[in-house]
Amino acid sequence: MQLDSYLTHIGFTGKPGTDLATLRQIHRLHAETIPYENLDVLARVPLGTDVGAAYDKIVGHKRGGWCYEMNGLLGWALSSIGFAVTPVAAGVDRASRGDSSVGGHLALLIDLDGQRYLADVGFGDGLMEPAPLKEGPFTQGQWTFRLEKLDGAWWRFHNHPEGAAPSFDFTEETASPALMAEKCQFQQTSPLSPFVENAVCQRHFPDRLEVMRGRVLKTVRAGDVASRRIADIDDYRQTLMTLFGIEVDALEPIWQKILKRDAELFPEDQ
C-alpha cells in the first residue's frame, strides 16, 4: 500500500498537508474518480473490511467499491497523511429501520483545527466534500444536505432530495471492528440485504450524478433526472467502462442476475 499511488490514482498533485484544502480536495477527487459499486456482491466474491484488500481492488485493479472499501481506503489515506480519523458505525434509514441498521454503513469523522468534520465517499450519491459537524442545512455544488442532532448521542445526515437513501444516523463513538465485520458479511449474504439482488454503480461528476441500478441508467441533476434502459450485456459493459471507468471480466453471471431482478421489478417491460 503506497499513499503516492492512491493520490496519483485519484489525480491529486502536489504535496498533501494536514489542512482543510487538502482534506476537501482528496475527498472530492475520490468521489469523482472512484465509483461506488457492489458488483462483487452479485458475483459472490467475498468482501471484508480489510483496507489492504480495498487498496488492491480499487488502486491496483481500478475498480470501485462500497462503503466499507471506499471509506476504509479514504480513512487509511487521510491517516497516512496525518489527519485524525475516527471511523463510525452508521445506520442507513435508521429513522424507519431502527438500530438493527447500525453498522450497515461506515462513515468517517475528521478532527482538524478544533472542528470535527463528517467525511463520506461511501454513500454513493451523498457528500462531495467533508461537512462540518454542526446542525443545519448546507450546500455542496447543486446538492443541499442537512445535519440534525437527535436525542442522546445520535446525529442524522439528511441526503439531498434526489438521493436514493434519505438519511443515515451515527454517533461519534469509534466503530467496533467486530460489528463492522458482522454487518459487512450480512450485507453481502442475507436475503434481507438490498445489495444481494440489486446491482448498483454510482459516480459523482462536477455537474451531475450518474447512477446505474440494474438496467436503469439515470443522469441526475438537482431537480432533473434523465433515464434510459440498458439494452444488453454489451451496452452494460460499455457503460461500466465509459461512465464508471471499471471493467469486470466475468460479467455474464452478473448480467443474468440483473435480468432476473429486472423481470421481477418491471414485469410490464418484459
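Assorted remarks:
- Scanning the range 62-93 for residues that are buried (at least 18 other Cβ atoms within 10 Å of the Cβ), of a type outside the set (Gly, Ala, Ser), outside any helix (DSSP H, G or I) and touching a helix residue (DSSP H, G or I) at 6+ places or on another chain (Cβ under 9 Å) gives Arg63, Trp66, Phe83, Val85, Pro87, Val92.
- Strands (runs of 3 or more DSSP E) enclosed by the range 128-215 - at least 1 residues per element that are hydroxyl-bearing (Ser, Thr, Tyr) and surrounded by fewer than 16 Cβ atoms within 10 Å (Cβ to Cβ): 136-140, 143-149
- Scope the range 96-126; condition closer than 14 Å to Ala31 by Cα and either among the acidic types (Asp, Glu) or in a loop (DSSP other than H, G, I, E, B) (or both); matching residues: Asp120, Val121, Gly122, Phe123, Gly124, Asp125, Gly126
We did not get these values from a lab; they are worked out from the coordinates using the rules stated. Quick caveat: nothing in here was measured; it's all calculated off a predicted structure. FYI the Cβ positions are ideal-geometry reconstructions off the backbone, even for glycines, and counts take in every protein chain you see.
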